[in-house]
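The values are calculated or read from the model by the stated rules, or taken from the named source; none is laboratory data. All of these numbers come straight from a predicted model, not from anything done at the bench. Counting neighbours? That spans all protein chains shown, and the Cβs are built from the backbone with ideal geometry, glycine included.
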Amino acid sequence: MKKLLVVIIIITLLFTVLFSVIFFNVVLNKKFLNLRPYGGLDPNEYEWVSIINDDLKLQGYLKEDSSSDKYAILVHGYTGTGATMLEYDDYYVDNDYNILIIDHRIHGNSDGQYCTMGIKETEDLLLWIDFIVSRNPNAKIVLHGISMGAATIMMATGSVEIPSNVVAAIE
């Protein structure tokens, strides 16, 4: 009986490892997702900005008014792009916020081959926050995300590296 239990456990572990490898290398791969760059947000309305992490160029779109220290970073979900966050843009603009809309790694116009479902994207978000703070040390930042973007925000707010400039998170 014990031998049968050990065999079942070993087989279960092997299938789990095999499934994990297949999932990461196929399902989360850019080729499988068929994610393509898009035209981006209107360059007349948004300044195109970028950061580098893991040798990947990550794309963002910034609408900034130097008279305000309020910022909102809008973070899309899995398989989305920055454009999917435009529905929230008007609210923040109407309330005098500067807006940064980002494309996650492998999404939209950002580089990458794999999505990590928020793990590496959290590092990217912390760099985007640093990007805003380097432009405006007095920035008060609201993070607003949906789906995987919300998960990324939750992980970022739990990081010891998050600056005190982040004053709210909407997930």
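Some notes on this structure:
- Some residue of the range 131-143 being crowded, with 21+ Cβ neighbours inside 10 Å, polar (S, T, N, Q) and either in contact (Cβ under 8 Å) with a residue 24 or more places away in the chain or in contact with a helix residue (DSSP H, G or I) (Cβ under 8 Å, 6 or more places away or on another chain) (or both): no
- Residues that are touching a strand residue (DSSP E or B) at 6+ places or on another chain (Cβ under 6 Å), farther than 11 Å from residue 77 by Cβ and not β-branched (Val, Ile, Thr), drawn from the range 148-170: 165, 168, 169
- Enumeration of residues in the range 113-128 that are touching a residue at least 40 places away in the same chain (Cβ under 8 Å), outside any helix (DSSP H, G or I) and crowded, with 18+ Cβ neighbours inside 10 Å: 115, 116
- Among the residues of the range 64-77, those that are surrounded by 19 or more Cβ atoms within 10 Å (Cβ to Cβ), of a type outside the set (Val, Ile, Thr) and within 28 Å of residue 114 (Cα to Cα) comprise 72, 74, 76.
- Flag if residue 117 is at pLDDT 95 or above and not polar (S, T, N, Q): no
- Any hit, the range 57-78, residues being aliphatic (A, V, I, L, M) and either assigned to a loop (DSSP other than H, G, I, E, B) or more than 16 Å from the chain's Cα centre (by Cα) (or both): no
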